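Read-outs throughout are calculated quantities, based only on the coordinates presented, and are distinct from any laboratory measurement. The model shown is predicted, which means the values in this text are computed figures rather than measured ones. Glycine gets a Cβ as well: all are built from the backbone with ideal geometry, and neighbour counts include every protein chain shown.
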Amino acid sequence: MAGDGDLTDLSPGGCRILSPVSVLPGAEVELCIFPGDDANPILIDAATVRWCLPNAFGLSFTKIRGPVQRQLTDVWRKLATPV
């Protein structure tokens, strides 16, 4: 299965994906996040689907390499910092 969607509600441990792709709770997926600032893609080795709604689902990041975790945390901090 493959698809794309819009990432929302990013945190260091997971996110919400808005997408018409149908997934089931408990499914494990790989995730590639493309930050909007021309940074390198963030590759999450494994994320588990925790909940599903029509056109949205929640992911918990379950396998992330150290450098990727730091990259993800940096992006999250930038998004969480008020302008």
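Mean sequence separation of contacting Cα pairs (under 8 Å, at least six apart), scaled by the length of the chain, corresponds to a relative contact order of 27 percent. Charging the Cβ of each Asp and Glu at -1 and of each Lys and Arg at +1, and nothing else, the dipole of the chain about its Cα centre rounds to 280 debye. On full extension, the segment bounded by THR8 and ASP45 gains 11.4 nm, given 0.36 nm per residue less the C-alpha separation.
Computed 3J(HN,Hα) for segment 49-54, one whole-Hz value per residue from the Karplus formula 6.51 cos²θ - 1.76 cosθ + 1.60 where θ = phi - 60°, is 6, 9, 7, 9, 9, x, glycine and proline marked x. The residue among GLY36, LEU72, GLY5 whose Cα reaches farthest toward the positive pole of the charge dipole of the chain, with charges on the beta-carbon of Lys, Arg, Asp and Glu, is LEU72. Principal-axis analysis of the Cα atoms of the chain puts helix 66-80 at an angle of about 80° to the longest axis.
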